[in-house]
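The structure under discussion appears below in the form of structure tokens.
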Amino acid sequence: MTTFSTLRRVCAAQPHAEPERKWGNVDTFLVRRRMFAILVLDARGRPNDLWFKVDAERFLELTDRPGIRPAPYLARAGWVAIGDPSRFALAELRPLIERSHRLVVAGLSMKVQRALGFDPQRRPPARAARIVTAARPADAGGGPRPAGLATTPRLLSSRG
């Protein structure tokens, strides 16, 4: 069983983590003003939810599990919400929070990463979607194709 005080300690223990209370009832944990974890509190100040960023490849896997859902307002950026973190073991949540922290750090400029003492990483892709090239069928209408453009780009997402 994981308590919110334990989750606060795990979040605060991340390198260069800065806790900040936002919007009256939300405890956030940031690296250089970029959030990597959120604890949402109810009207009485008791924690309700834990939100954090996940890899695009793991988003669907995690949100298919009971108790984990896309985070309101932040799902498009790859965030998930856990309504009752006490149902999950700390051994399961700690690596997810640590990975969220690493994803946010990787989104900082390389200069800032170096200044904070991290080994600079390239930015993670903004979305799970990527552009691939698909051959255009010969009978597909639309008129002549410009010279040198033999294929049509199409968007593929991680949702298949």
Could you identify the single residue in ALA71, ALA13 that is at negative phi and open to solvent by less than 50 Å² (accessible area, probe 1.4 Å)?
ALA71
Flagged in the range 16-30 as part of a strand (DSSP E or B), open to solvent by 30 Å² or more (accessible area, probe 1.4 Å) and not acidic (Asp, Glu), in numbering order, are PRO19, ARG21, LYS22
Applying the selection to the range 42-63, what residues are touching a strand residue (DSSP E or B) at 6+ places or on another chain (Cβ under 6 Å) and among the aromatic types (Phe, Trp, Tyr)?
TRP51, PHE52
Please specify each residue of the range 31-65 satisfying the condition of being open to solvent by less than 60 Å² (accessible area, probe 1.4 Å) and of a type in the set (D, E, K, R).
ASP42, ASP49, LYS53, ASP55
Report, by residue number, each residue of the range 31-44 that is in contact (Cβ under 8 Å) with a residue 60 or more places away in the chain and either assigned to a strand (DSSP E or B) or among the hydrophobic types (A, V, I, L, M, F, W, C) (or both).
VAL31, ARG34, MET35, PHE36, ALA37
Given the conditions (1) of a type outside the set (D, E, K, R); (2) open to solvent by less than 40 Å² (accessible area, probe 1.4 Å); (3) at pLDDT below 85, every one holds for PRO124 apart from (2)
Which of (1) within 16 Å of ALA17 (Cβ to Cβ); (2) of a type outside the set (A, V, I, L, M, F, W, C); (3) touching a Ser or Thr at 6+ places or on another chain (Cβ under 6 Å) is the odd one out, the single condition HIS101 does not satisfy?
(3)
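The values are calculated or read from the model by the stated rules, or taken from the named source; none is laboratory data. Remember, it's a predicted structure, so these values are computed and weren't measured experimentally. Glycine also receives a Cβ, built like all others from the backbone with ideal geometry; neighbour counts cover every protein chain displayed. Surface areas here come from the heavy atoms of the whole protein model, side chains and all, with no ligands, DNA or RNA. Shrake-Rupley method; radii C 1.70, N 1.55, O 1.52, S 1.80 Å.
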